[in-house]
Amino acid sequence: MPTRSSGILVQSNWGTKGNFEVVAPVGLGGMVHLWRNNDAAGFPWAPPTWFGAGAVQAAALVRSNYGSPANLEVVARVGGELSHFYRANDLIWRRVKAFASGASGTPAFIQSTWGTNGNFEVVAPLAAGGLAHWWRNNDAAAQTWSAPAKFGGTTRYEAVALIQSSYGSPGNLEVVARTGSVLHHFWRGADLQWHGPGQIATGVAGAPALIEGTWGAAPSRPGNFELVSPLAAGGLGHWWRSNDASQAWSGPAPFGAGAVDAVGLVQGNFGSPGNLEVVARVGARLEHYYRDSATFAWKGPTRFYTEPKCDGAAAGECRVPYESGIVAIHAALLRTGSVVLFAFADNDAQMSVSRVLNPVTGALQTPMHSHHLFCSGHSHLPDGRVFVAGGHHTDVRGMHIYDPGTQDWSHVGDMPRGRWYPTCTTLANGKVMVISGTVIGGAVNPPGNPVNNTVQLFDPASSLLGPERPIPTPWASSRPAFPSVDLYPFVYQLPSGQVLVHSQRTTRFYDPAADTWSPRQVDANHPFTRTYPGEGTSVMLPLTYRDQYRTRVMIMGGGGAWPDTLDVNTPATSTAEVLDTAAATPVWQAVANMRHPRVMPDAVLLPDGTVAVVGGSSKGRADAAVSPVFPVEIFNPATGAWTEMCPLRVPRLYHSTALLLPDGRVMVGGKDGIFNVPPFKYPEHRIEIFSPPYLFRGPRPVITSAPPAAGYGQSITVSTPQAAAVDRVVLLRPGSVTHSFNMDQRLVEVQVTATAAPSLTVRMPPNGNVAPPGWYMLFVLQAGIPSRAHFLRLG
């Protein structure tokens, strides 16, 4: 059967009357899918769904014969690459593969009647000139795409439309292609040769749409060809070819207004014969027109979607620039500026995967070795390597290191007992404190699988792990039935030399030098746990020389019940609390609530001293949450206020991560497809980048030179043309994050002791208690606007 659609619009077989379905590129990355409920009064359009990643320049949509109701299938162009996506009746958009390169302009896509199952057919302009035709053999088990069949000479075409007509057996492929302001017609018959071009029209622009309608169809004759194209002068033009007569083209019949980029065209099932229905993409908005089959009058537009746009200076911006190749369950920023990601395979929790992502270009590299490090804890060693304790199943006792120098993983030893969901914290002496985790793997289940209720110290100099040191019990007097420390506790090296450990709703203090625990326990105000599986998140607020590095730790969000009673409907909390560890009697004090309740969110320290909170669900627990929170929020410690930012496009639920990049942006990734629940039970590879408002508030200061290393208390010279205007200099430890807790991030403001343009003299922190040894990002700030970071090794 010939296709009844072309471009960005189809009428599906969802619903009784068949919904209208639209897919279009989004300026901030990926695509948007919208649908109109043709069974409901007023024909309402549903809220948008975003899918895909990268700068999608063009997309083409069909309704295939796969699935019931039928799948929606998309071919999208990113750069010169064509990729195939589909959505089945589970409503999840999936990227199948990239199948072609060298393309340009706007492609066209149909499912033909060639073959038993109907081949997919794609025609697109080539960057080198001419056109190319690809097809996917849907009868073959591998469903492979062909090599390109080129035609159209060397003429540069910008956009094409494609149908299978009623001419020939099976039907001819018919192409309308635009070069400049001219439309050409090509066709391919049973001889498999492309014929043409024949000129149709001039004065056009954008991407046209073509169908074969039922108008004028005499017995045994094809219906008219119906063509709609943007006009160079603005608006749209409608042409038609009478296939009952001379096959001459008539038109244009102009309608609409504005500079239209692309159109979609169907003959719907409204009216008799069906109305012509058009969706036009006009910049950031989508508009609907239809031609009344009784009067031939074009009506509209009805504007049904405008791409959301945030005020960057007030709310920042979110983009979806690329994919990570794997689910970003664990992420650590390396001293090279790249990010190492590790997880399990999309459909197999027993298989380990790892990638190294260049966050500027999106390029991916795969380490030679991979270990089963999902469920581990990790932190940065003083030399910039990443230490990982624990993991899954066979690696639950393992210790591993990722070395950005060799760009590979190595196994450096085993712990005496396993640790599944531990926390790792780099201490003042460069050793790593490892705490918690179940001994076999999986949820806490004493006595068979208890928590490893001990502390151990890993020494990077010898790659040896110290003995297990028991943790006093009970941990939380308010919950005697669960006496041990819980999974993924929040842990911080304090400037005092002590280590703060917060688990469930209780905080305790450990002295690693003396291996002693303070008897003091400080309970939070929130009556339930903020650690796993009702995980909230936590940060140490900025340390500054101005107040002698007074330390305040913040906890926020989390589940609304104890772990054994949390379920998918349990409301999360929006509350937040701060503990001033330097107070004579430290007490958790409530601060302003977040704008949104969240369980399993992530918190990221920003160079200006504020805290960005992203993702999570407004109800549920770790692996049972279905109410994603999209708006980003920023907390300002100076004012105690929360400000709502631009929303994310991608749901970030269980197994998501977020960390600060060297350019001052926030990278957000993850959400797995095995341990989440429907409708979010799919692996999420899209990376989203949040640009905070400071990136939209004026020119950035620039660091032209700074030393690669510095010692504690040392004064260094930082060169910047903006030296006279710099008001703050900060060190930010690179993040190492999983399961809603960043085990490494720390911001230390350092003192500028002299300014002699174009240089600053900057004094480093006094010791490792304030800033544990390792690599830091050095930022200079002017009126709250940060430079790009310079990596510096401290210690």
Under a crude label model (7 Å from the Cα following the beta-carbon direction), how far is F43 from M368 in nanometres?
6.2 nm
Determine the dipole magnitude for the chain: charges of +1 sit on the beta-carbon of Lys and Arg, -1 on that of Asp and Glu, nothing else is charged, the reference point is the Cα centre, and the result goes in debye to the nearest 20.
660 debye
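Could you work out [θ]222 nm for the chain from helices alone, using -39500 (n - 2.57) per DSSP H run of at least four and dividing by all its residues? Round to the nearest 500 deg cm²/dmol.
Only helices count here, giving 0 deg cm²/dmol.
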Contour minus end-to-end for K97 and A561, with contour as 0.36 nm per residue of separation and end-to-end as the Cα-Cα distance?
162.8 nm
Figure the gain on full extension for D139 and N569 (residue separation times 0.36 nm, minus the Cα-Cα span) and round it to one decimal in nm.
150.3 nm
Just the Cα atoms of segment 435-571, one point each, no solvent: what log10 I(q)/I(0) does Debye give at q = 0.12, 0.13, 0.18, 0.22 Å⁻¹?
-0.52, -0.61, -1.11, -1.47
Enumerate the residues in segment 151-193 having an amide nitrogen under 20 Å from the point lying 7 Å beyond the Cα of A233 toward its Cβ.
179-184
Do me a favour and compute the ellipsoid semi-axes for segment 129-212 from its Cα gyration tensor, root of five times each eigenvalue, largest one first, whole Å.
24, 15, 12
How high is the relative contact order of segment 505-553? Use alpha-carbon pairs under 8 Å, at least six apart in sequence, and give a whole percent.
26 percent
Given charges at Cβ of Lys, Arg, Asp, Glu: segment 719-795 dipole, positive-most of P773, H739, A724
P773
D for segment 561-690, whole µm²/s, Stokes-Einstein with Kirkwood Rh over alpha-carbon pairs at 25 °C and 0.890 mPa s: what number?
158 µm²/s
How do T394, T113 stack up against each other in accessible area, from largest to smallest, with a 1.4 angstrom probe?
T394, T113
In cubic angstrom per residue, the convex hull of segment 396-469 built on its Cα atoms measures 95 Å³
List the extent of the Cα atoms of segment 697-777 along each of their three principal axes, largest first, rounded to whole Å.
43, 32, 19
Once the dipole of the chain is set up from charges on Cβ (+1 Lys and Arg, -1 Asp and Glu), the residue from the list N676, N224, Y545 lying farthest towards its positive end is Y545
Read phi for every residue in segment 691-706 and hand back ³J(HN,Hα) as whole Hz from Karplus 6.51 cos²θ - 1.76 cosθ + 1.60, θ = phi - 60°, with x for Gly and Pro.
9, x, x, 4, 7, 10, 10, x, x, 8, x, 10, 8, 8, 6, 6
Quickly rank 360-368, 48-56 as a protection proxy: mean count of other C-beta atoms within 10 Å, highest first.
48-56, 360-368
Need one number: nm distance between label points at S181 and T155, each 7 Å from Cα along Cα→Cβ, rounded to one decimal.
1.7 nm
Using the alpha-carbon centroid of each, what span in Å lies between segment 89-159 and segment 14-88?
17 Å
Rh by Kirkwood over Cα pairs, then Stokes-Einstein D for segment 292-353 at 1.306 mPa s and 10 °C, µm²/s
93 µm²/s
Taking only Cα atoms of segment 742-795, radius of gyration then Dmax in Å
12.1, 37
Coarse-grained scattering of the chain at q = 0.09, 0.11 Å⁻¹, given as base-10 log I(q)/I(0) from a Debye sum over alpha-carbon atoms
-0.86, -1.12
R0 of 51 Å, Cβ-Cβ distance A253-R469: FRET efficiency to nearest 0.05:
0.05
At a 1.4 Å probe, what is the % contribution of carbon and sulfur to the accessible area of segment 723-795?
48 percent
Length released on extending from A757 to S246, taking residue separation times 0.36 nm less the Cα-Cα span
176.0 nm
For q values of 0.13, 0.15, 0.22 Å⁻¹, compute log₁₀ I(q)/I(0) with the Debye formula on a Cα-only model of segment 220-344, without solvent.
-0.70, -0.80, -1.28
Over segment 61-177, what is the relative contact order in percent, taking alpha-carbon pairs closer than 8 angstrom and at least six residues apart?
17 percent
Cα centroid distance between segment 431-446 and segment 725-782, in Å?
32 Å
So for the chain, averaging the separation of alpha carbon pairs under 8 Å that are six or more residues apart and normalising by length, what relative contact order in percent results?
8 percent
Could you give the dipole magnitude of segment 597-672 about its Cα centre, charging the beta-carbon of Lys and Arg +1 and that of Asp and Glu -1, in debye to the nearest 20?
240 debye
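The values are calculated or read from the model by the stated rules, or taken from the named source; none is laboratory data. Since we're looking at a predicted model, the values are computed, not measured. Methodologically, a virtual Cβ is constructed for each residue, glycine included, from the backbone with ideal geometry; neighbour enumeration extends over all protein chains shown. Quick note on the areas: whole protein, heavy atoms, side chains included, nothing else; ligands and nucleic acids left out. Shrake-Rupley method; radii C 1.70, N 1.55, O 1.52, S 1.80 Å.
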